[in-house]
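Structure first, then comments.
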């Protein structure tokens, strides 16, 4: 009981320092580039091949440590305090990732590690726990492997159990990151129930093909992305209704309820206008130090500047978003935009107090 109280108290204080204060500062400096979070894309390469993923390239080198530390220093100067490490698979270079997590944590950042879990082991989980990792986003799409979906919980069961066991000792948050595809709809429900049984959160994405103006020449499965079709609409609708009801019951989920509702129209090719904060309150740093407004635009051929020299021009961003927003329901930026509406902010605070 005391351990649970300490865990929730420490995470509450960290949420205020790393999320709430930068959020308030970004509203005060509303016309400046003030990222609440900024993805650090450390690795192009990946150790597995998910058929829906076009955001890795095994022919390109990853980020070097000098660039990573300089990026942390730059983001600190902007008031940002949340850094998700991205890939590819960040853990292809475990010593590098450990050093980046330690450096970021020492500089007051909420260091957030997404991973498919294959390369985790008990000793490394202890190392990143001691280094100060704040959240681990475990990407799983199914319970047992399915065609084109190697991110299966059964493939990483020992790692998952140890992550759950050590969560309160080191104080990190753990949650599942789940991509809803045409062949894993039943698995999404099962994984959500497993997460609830283990008292961890969930985060959902709707499988979306790459935007037509993004370069994906390196992508291997353009004809087999596992995108949802009309024959799955009714089943996905029922799944989304179930997820919405579970969130209302207090099950912790990153997505807002309005975002889960938006998935229903998005899979049918409809996306209502929404407040995307990419390039304004969020961005991505590529392995070479250049910038992109968001994760989906990582291969979009445009000069947005680099660390210490950003070039997020408002007119250029507006032109881009006129083209990409009708085809995008980004979980990160949709959620961020939702809570930049002050009318929804009490909802966010209440949700997180309720689930601790």
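The values are calculated or read from the model by the stated rules, or taken from the named source; none is laboratory data. Just so it is clear, the model here is predicted, and its values are computed rather than measured. Heads up, the Cβs are rebuilt from the backbone with ideal geometry, glycines too, and the neighbour counts pull from every protein chain shown.
Quick grid of which residues meet (1) in a loop (DSSP other than H, G, I, E, B); (2) within 18 Å of the chain's Cα centre (by Cα):
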{"residue": "98", "(1), (2)": "no, no"}
{"residue": "105", "(1), (2)": "no, no"}
{"residue": "113", "(1), (2)": "no, yes"}
{"residue": "119", "(1), (2)": "yes, no"}
{"residue": "123", "(1), (2)": "no, no"}
{"residue": "126", "(1), (2)": "no, no"}
- Apart from one, (1) touching a residue at least 60 places away in the same chain (Cβ under 8 Å); (2) assigned to a helix (DSSP H, G or I) all hold for residue 54; the odd one out is (2)
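Say whether the condition of being under 30 Å from residue 310 (Cβ atoms) and surrounded by fewer than 20 Cβ atoms within 10 Å (Cβ to Cβ) is met by at least one residue in region 224-246.
Taking region 224-246 first, the residues under 30 Å from residue 310 (Cβ atoms) are none.
Within region 224-246, not a single residue is under 30 Å from residue 310 (Cβ atoms) and surrounded by fewer than 20 Cβ atoms within 10 Å (Cβ to Cβ).
For residues that are surrounded by fewer than 17 Cβ atoms within 10 Å (Cβ to Cβ) and touching a residue at least 12 places away in the same chain (Cβ under 8 Å), scanning just region 258-270, find the one that is nearest to residue 345 (Cα to Cα). So that I can check it myself, show each step before the final result.
Residues of region 258-270 surrounded by fewer than 17 Cβ atoms within 10 Å (Cβ to Cβ): 258, 261, 264-265, 268-270.
From the residues that got through so far, the ones that are touching a residue at least 12 places away in the same chain (Cβ under 8 Å) too are 258, 261, 264, 268.
Working: 258: 13, 261: 18, 264: 24, 268: 29 Å.
The extreme case among them is 258.
Would it be correct to say that residue 285 is in contact (Cβ under 8 Å) with a residue 40 or more places away in the chain, within 30 Å of residue 29 (Cα to Cα) and surrounded by 15 or more Cβ atoms within 10 Å (Cβ to Cβ)? Steps first, answer last, please.
On the way: in contact (Cβ under 8 Å) with a residue 40 or more places away in the chain: yes; within 30 Å of residue 29 (Cα to Cα): yes; surrounded by 15 or more Cβ atoms within 10 Å (Cβ to Cβ): yes.
Judged against the criteria, residue 285 is a match.
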- Message: If residue 105 meets every condition in (1) closer than 30 Å to residue 164 by Cβ; (2) surrounded by 20 or more Cβ atoms within 10 Å (Cβ to Cβ); (3) at pLDDT 95 or above; (4) touching a strand residue (DSSP E or B) at 6+ places or on another chain (Cβ under 6 Å) apart from one, which number is that one?
- Response: (2)
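Yes or no, residue by residue, for (1) modelled with pLDDT under 90; (2) in contact with a strand residue (DSSP E or B) (Cβ under 6 Å, 6 or more places away or on another chain); (3) under 21 Å from residue 175 (Cβ atoms):
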position	(1), (2), (3)
218	yes, no, no
228	no, no, no
238	no, no, no
251	no, no, yes
265	no, no, no
273	no, no, no
- Right, residue 287: within 18 Å of residue 90 (Cβ to Cβ) and not in a strand (DSSP E or B) or not? yes
- Item | Residue satisfying all of: in region 196-229; touching a residue at least 24 places away in the same chain (Cβ under 8 Å) and not in a loop (DSSP other than H, G, I, E, B); farthest from residue 44 (Cα to Cα) among these | 196
- Any chance residue 108 is in contact with a helix residue (DSSP H, G or I) (Cβ under 9 Å, 6 or more places away or on another chain) and farther than 13 Å from residue 89 by Cβ: yes
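Against the definition (within 23 Å of residue 145 (Cα to Cα), in contact with a strand residue (DSSP E or B) (Cβ under 8 Å, 6 or more places away or on another chain) and either surrounded by fewer than 18 Cβ atoms within 10 Å (Cβ to Cβ) or modelled with pLDDT under 95 (or both)), how does residue 177 come out, yes or no? Before you say what the answer is, go through the steps one by one.
On the way: within 23 Å of residue 145 (Cα to Cα): yes; in contact with a strand residue (DSSP E or B) (Cβ under 8 Å, 6 or more places away or on another chain): yes; either surrounded by fewer than 18 Cβ atoms within 10 Å (Cβ to Cβ) or modelled with pLDDT under 95 (or both): no.
In short, no.
Test residue 43 against the stated conditions and say whether it is in contact with a helix residue (DSSP H, G or I) (Cβ under 6 Å, 6 or more places away or on another chain), at pLDDT 90 or above and in a loop (DSSP other than H, G, I, E, B).
On the way: in contact with a helix residue (DSSP H, G or I) (Cβ under 6 Å, 6 or more places away or on another chain): yes; at pLDDT 90 or above: yes; in a loop (DSSP other than H, G, I, E, B): yes.
Yes: the conditions hold for residue 43.
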- Just give me the residues in region 202-223 being over 24 Å from residue 326 (Cβ atoms) and surrounded by fewer than 20 Cβ atoms within 10 Å (Cβ to Cβ), in sequence order. 218, 220
- Item | Residues that are more than 19 Å from the chain's Cα centre (by Cα) and more than 25 Å from residue 75 (Cβ to Cβ), drawn from region 310-340 | 319, 322, 323, 326
- Message: Can you report the number of residues in region 87-96 which are in contact with a helix residue (DSSP H, G or I) (Cβ under 9 Å, 6 or more places away or on another chain) and either surrounded by fewer than 18 Cβ atoms within 10 Å (Cβ to Cβ) or under 23 Å from residue 332 (Cβ atoms) (or both)?
- Response: 3
- Message: Taking the condition of being buried (at least 20 other Cβ atoms within 10 Å of the Cβ) and assigned to a loop (DSSP other than H, G, I, E, B), how many residues in region 247-257 meet it?
- Response: 3
- Residues in region 57-86 that are surrounded by 22 or more Cβ atoms within 10 Å (Cβ to Cβ) and in a loop (DSSP other than H, G, I, E, B) total 3
